[in-house]
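Each remark here refers to the structure printed beneath this line.
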Amino acid sequence: MGDVLSQAEIDALLCALSDGQVDAEEMKTTKTQKRIRVYDFKRPNKFSKDQIHSLQNIYENFCRGLTTYFSGHLHSVIESKVLSIEQITYDEFIRSLPNPTVLGLFSLNPLEGTVLMEMSPTLAFTVVDRLLGGQGQGAEKNRDLTEIERTIVEHRLTQIIDLTEEAWAEVYQLKPQFMAMEINPQFTQIVAPNEMILLVTLEVRIGEAVGMINICMPYLVLEPILDKLSTFFLFSTQAKITSPEQVEAIRRKIEWAKVDMVAFLGHSQILVRDLLDLAKGDVIPLNQSVNDPLPIYVGEFMKFKSVPGLHGEHLAVQLTEIVKDGGEQDG
């Protein structure tokens, strides 16, 4: 039951009180009881809500880069999203993994320690099948990778790990460095079993196949930059103010953009029969008066008015007026 009762619920409660089915004193006692939340000292929460929210934003950016990467290499419809971010012990994470699986160990320089990226076998075999010309079918059952498959997966895993640098760019300059690839989770003891980690789970859809990518980041690795995660959350929730320097930088970049400029001489309507009979020397009258200025269109919008003339041996126009509120080109 929610905090706000509907009218029907209020009527039912009043009837129960009047009939004696509900004791008012008992309700008061129940209402005044304090809610107790169980706290597990073996699994302390070491990441605040602000930090979790910042990491959510970071790995949503990572998903966008991952989607672009897979789309360019697999030539298929790709979707990726953040499924969950949770705090668990390293032992819980390792016990949840299948054996064999694909595990990439890498560092985040200048941070100390090792981070783990796990690609589910379903996703790994789908990627291999697409790269080798298949339709993206995963293996019927989990098995070890062959030497060729291992080389392909390791190369792709290295490139996926490199996407971490761009995803973290707004928070901290990290340089991911691939270290090794393992198949057996029991051989990847990067921290003590009872150490807390942050587990980011991503869902990747390649055509009809769906696989997971798990990113295991120990608390000890992220501890030196946790304050930056909180600051990033603070600034990401505030309205962004554009400084004059930023406006000037944008203006300079836009100045180099190329757009089409067209002097519109006028238009005319003729019959198809007359069009077929046209010959050299025929004159087609336009709806444009010789005394009226010619409109100048930039892209699809009229921005200037002008008069025609010559510049040396070339046809030219001289701008005579700037149109503040130009309309779209008619034809």
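The values are calculated or read from the model by the stated rules, or taken from the named source; none is laboratory data. Since this is a predicted model, take the numbers as computed values, not measurements. Cβ coordinates were reconstructed from backbone atoms using ideal geometry, including for glycine residues, and neighbour counts include every protein chain displayed. Just so you know, the surface numbers come from the protein's heavy atoms only, side chains and all, with ligands and any DNA or RNA stripped out. Shrake-Rupley method; radii C 1.70, N 1.55, O 1.52, S 1.80 Å.
Please compute the alpha carbon radius of gyration of region 63-181, then divide it by the globular-protein estimate 2.2 N^0.38 Å. Two decimals is fine. Show your work: numbers first, answer last.
On the way: Rg = 14.9 Å, N = 119, 2.2 N^0.38 = 13.5 Å.
Expressed relative to 2.2 N^0.38 Å, the Cα Rg reads 1.10.
For region 94-224, with all protein chains present and a 1.4 Å probe, just round the carbon and sulfur fraction of the accessible area to a whole percent.
Working: 2870 of 6130 Å².
Ligands and nucleic acids excluded, carbon and sulfur give 47 percent.
Evaluate E = 1/(1 + (r/R0)^6) for Q177 and V262, where r is the Cβ-Cβ distance and R0 equals 56 Å; express this FRET efficiency to the nearest 0.05. If you can, show how the numbers build up before the last one.
Details: r = 53 Å, r/R0 = 0.95.
The calculated FRET efficiency here is 0.60.
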Just to check, using Stokes-Einstein with a Kirkwood Rh over alpha carbon pairs, what's the diffusion coefficient of region 52-132 at 10 °C and 1.306 mPa s in µm²/s?
107
In what sequence, highest mean first, do 264-272, 168-176, 203-211 appear when ranked by Cβ atoms within 10 angstrom?
203-211, 168-176, 264-272
Return the loop-located GluC sites (Glu not before Pro) in region 82-165 (DSSP other than H, G, I, E, B) with at most 13 other Cβ atoms within 10 Å of their own Cβ; answer none if there are none.
E112, E140
Surpassing 30 Å at the alpha-carbon level, of the pairs K141/K175; K280/K303; K258/K305; K81/K141; K49/K253; K49/K81, are K141/K175; K280/K303; K49/K253
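Two decimals is fine: what's Rg over Rh for region 49-97, C-alpha atoms, Kirkwood radius as Rh? Working shown, then result.
Values: Rg = 14.0 Å, Rh = 12.7 Å.
Rounded to two decimals, Rg over Rh is 1.10.
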What aspartates and glutamates does K324 reach when the alpha-carbon gap must be under 20 Å and sequence neighbours fewer than 8 apart in one chain are set aside?
E255, D260, D292, E300
Note: region 172-235, point scatterers on Cα, Debye, no solvent; log10 I/I(0) at q = 0.13, 0.27 Å⁻¹ equals -0.56, -1.28
